[in-house]
Amino acid sequence: MAQEIRNIEIGGAVEACRRMKAEGWRFVTMTATEVDEDSLDVIYSFDKAYTLESFRVTVPKGQKLPSVSAVFFAATFVENEIQDQFGLLFEGLAIDFERRFLLNEEVRTVPLVNKQKLGTKRDAAN
Amino acid sequence: MLPMLSNVVRNFFGRAVTEGYPFQTREFEGYRGKLVNDIVSCIFCGACARVCPSRCIEVDAKGCSFSCDPNACVQCGICEEACPTGGLRLTVGHHRAPAYSKDEIFQQGVRKSKEEILALRKRKQEG
Amino acid sequence: MALTVVPFGPQHPVLPEPVQMKLVVEDEIVKEAIPVIGYVHRGLEAIATIRDYTQMIQIVERTCGICSMIHSLCYCQGLEELMGLEVTPRARYLRTVWGELHRMHSHLLWAGLFADAFGFESLFMELWKIRERILDLNEATTGNRVIVSVNVIGGVRADISDEQRTWILKVLNEVERDIRRIEKALLEDHTVKHRTVGVGVLTKEQAFELGAVGPVLRASGVAQDMRVLKYAAYDELGFEPIVRTEGDSWARCKVRFDETIQACGLARKALERLPEGELRVKASGHPTGEILTRVEQPRGECLYYIKANGGKHLSRCRIRTPTFANIAPLVAMMPGSELANVPVIIISIDPCISCTER
């Protein structure tokens, strides 16, 4: 189901979520992806009667995003996961695991940005 | 209580549902077993190494060798489909018993001529 | 009274997979619960950047051992849409058959664990004995019991012959008869009802607002099942979601048993109407673009976001699994319950932690 994902500016995400909640949409998830070296995309997805609607926010790396966990409590866990995987920090999280939701204490790198070196010893030999 | 009691009585007078493994084994056709390569018909094209999802196969085309880490192999069977000569197979009558040691399969083969390679490829296409 | 923090998990005899719930307890009543996960994080989304998109099928299947074929179905579906491929009818029906067999074996596994959670071990063994017959069907048709590895981009790579079809229909009839018999032993039992009715109640508004999915949502009165989206062969088979309104653990159990019987019927219908034809279409070129695609796994709605840029590796493959969405309702169900009921509540949402953490 290839849909149109509309773009929203950074400050408008919380307001858009509030509007979706009032109209009866169910929160599905948030997806973060790396666009290029300097920015990340965060896609918010909602569902109502089997229609999936999403909007996208483009964030420069290093900037903090306001959290929507006050509107949708379910967003707490997704935002913690994005913090771990992309290093994109959120302000105002209901429960903040401080980048230790999925990752261990020893992990210092950020897994999914800037082409982190991944692979096994066998891959390194190839 | 009563449904469970009737179940217990039925089980008591029924036959066993377990099999006496390893003395009794049961094989289904198409079961994906251990990975085995027929080094005589291998043409060292490297197709299996390219498609393997767990990257457990290494093929040296110049040195004509085939090596595989059987503990990393997940027996998915993608390499068997990719092999152009049909020499790489996941065996059927060989149940995947637990391994006693971590060892690697290493097989050294002989370089094939162009005609031999063509004949081997054709043999698989004809079935 | 002073509050105590009791760590439930990560190792607990009742839990199939490690998850920790820090329970803030006052005198045996739970006041608050904080989930701590991360014990089985494997970084599968990071592997998507170093493996080809065809090799990723096998990796995506291993996100979860129980619903593995449905994970690869969602992934292949998304890529087929990005590449503009039309899957043949026979492949769509076969995918439905294996998908419904997976749903049955997943629910039977869950029912066994649920019975084990309050000590009914003999019923646990009995339910898994029924499940073994479905794993035999998997092994005979695809070559492997649990991770069947049967989806490829463009179709499926295993087939069901006509003799196998007759045999599968016979086995499905026997399995359905056994499930109907054993359902009474679990759901009508006095002690089971005492421990599940009214335990872990989730109201309809709470379930919708917290983003619950799957049987947790349907047992609270919201009729949403992603199989209505008509992927694979579900539009031709006719399908209605199963709903209950009580919202407690007993209702979730009943929804899953009813879904198992429904899955039996769907698999039977799909096998009877299996069309002839090719199994797969050839895929050429590489995918480009982005897509969000959803399927219904045994535990709920699973969403895949795939972004590709025309190369051999995907830019992003994001998996939102159903248990991840069900953590928030779980945290909301805990306050007010007794400490001894916590295992029952946790198992009643069907937690698949390896899916949650990938």
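At a glance:
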quantity	calculated
Number of positions in segment A:53-91 that are of a type in the set (A, V, I, L, M, F, W, C) and at the interface with another protein chain (Cβ under 9 Å from one of its Cβ atoms)	6
Selected residue (criterion: farthest from C:T321 (Cα to Cα)) from residues of segment C:173-223 that are of a type in the set (K, R) and within 14 Å of chain A (Cβ to nearest Cβ)	C:K204
Count - residues of segment C:130-167 that are modelled with pLDDT of 90 or more and either of a type in the set (F, W, Y) or out of contact with any helix residue (DSSP H, G or I) (no Cβ under 8 Å at 6 or more places or on another chain) (or both)	3
Strands (runs of 3 or more DSSP E) wholly inside segment A:1-94 containing at least 3 residues that are polar (S, T, N, Q) and free of Cβ contacts under 8 Å to residues at least 12 places away in the same chain	none
For C:G65: the one exception among (1) away from chain B (no Cβ under 14 Å); (2) not in a helix (DSSP H, G or I)	(1)
Tally of residues being under 13 Å from B:C45 (Cβ atoms), without any contact (Cβ under 8 Å) to a residue 40 or more places away in the chain and hydrophobic (A, V, I, L, M, F, W, C) across segment B:56-73	3
2 or more residues within 29 Å of C:K230 (Cβ to Cβ) and β-branched (V, I, T): qualifying strands (runs of 3 or more DSSP E) within segment C:271-358	C:288-297
Total residues in segment A:9-52, condition under 24 Å from C:I327 (Cα atoms), loosely packed, with under 14 Cβ neighbours inside 10 Å, more than 9 Å from every other protein chain (Cβ to nearest Cβ) and of a type in the set (G, A, S)	1
Residue list for segment B:1-49, filter: touching a strand residue (DSSP E or B) at 6+ places or on another chain (Cβ under 9 Å) and polar (S, T, N, Q)	B:N37
Close pairs (6 angstrom Cβ cut-off, 6 or more residues apart or separate chains): farther than 10 Å from C:C74 by Cβ in segment C:297-313, of a type in the set (D, E) and crowded, with 24+ Cβ neighbours inside 10 Å anywhere	C:R299/C:D350
Condition met for B:T25 (of a type outside the set (D, E) and more than 12 Å from chain C (Cβ to nearest Cβ))	yes
Checking C:V40 against (1) in a loop (DSSP other than H, G, I, E, B); (2) over 30 Å from A:E34 (Cα atoms); (3) among the aliphatic types (A, V, I, L, M), the condition it does not meet	(2)
Candidates C:V30, C:V5, filtered to the one that is away from every other protein chain (no Cβ under 13 Å), in contact with a Lys or Arg (Cβ under 8 Å, 6 or more places away or on another chain) and either outside any helix (DSSP H, G or I) or of a type in the set (S, T, N, Q) (or both)	C:V5
Top-ranked residue in segment C:275-317 [being among the β-branched types (V, I, T) and either surrounded by fewer than 22 Cβ atoms within 10 Å (Cβ to Cβ) or touching a Pro at 6+ places or on another chain (Cβ under 9 Å) (or both); ranked as nearest to C:A91 (Cα to Cα)]	C:V281
Residues (under 25 Å from A:L52 (Cβ atoms), out of contact with any Gly (no Cβ under 7 Å at 6 or more places or on another chain) and in contact (Cβ under 8 Å) with a residue 60 or more places away in the chain) located in segment C:257-289	C:E259, C:A263, C:L266, C:P287, C:G289
Selected residue [surrounded by fewer than 22 Cβ atoms within 10 Å (Cβ to Cβ), under 15 Å from the mean Cα position of the chain (by Cα) and either modelled with pLDDT under 90 or within 30 Å of C:R181 (Cα to Cα) (or both)] from C:G65, C:G99, C:G43, C:G38	C:G65
Residue ID - surrounded by the fewest Cβ atoms within 10 Å (Cβ to Cβ), chosen from residues in segment C:209-228 that are more than 17 Å from the chain's Cα centre (by Cα) and in contact (Cβ under 8 Å) with a residue 24 or more places away in the chain	C:G221
Positions within segment B:48-67 being surrounded by fewer than 17 Cβ atoms within 10 Å (Cβ to Cβ) and within 13 Å of chain C (Cβ to nearest Cβ), in sequence order	B:R50
Residue that is farthest from the chain's Cα centre (by Cα) [pool: residues in segment C:253-273 that are crowded, with 19+ Cβ neighbours inside 10 Å and of a type in the set (A, V, I, L, M)]	C:L271
Residue in segment C:295-302 that is farther than 26 Å from A:R56 by Cα, away from chain A (no Cβ under 11 Å) and out of contact with any helix residue (DSSP H, G or I) (no Cβ under 9 Å at 6 or more places or on another chain) present	no
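The values are calculated or read from the model by the stated rules, or taken from the named source; none is laboratory data. All of these numbers come straight from a predicted model, not from anything done at the bench. Glycine gets a Cβ as well: all are built from the backbone with ideal geometry, and neighbour counts include every protein chain shown.
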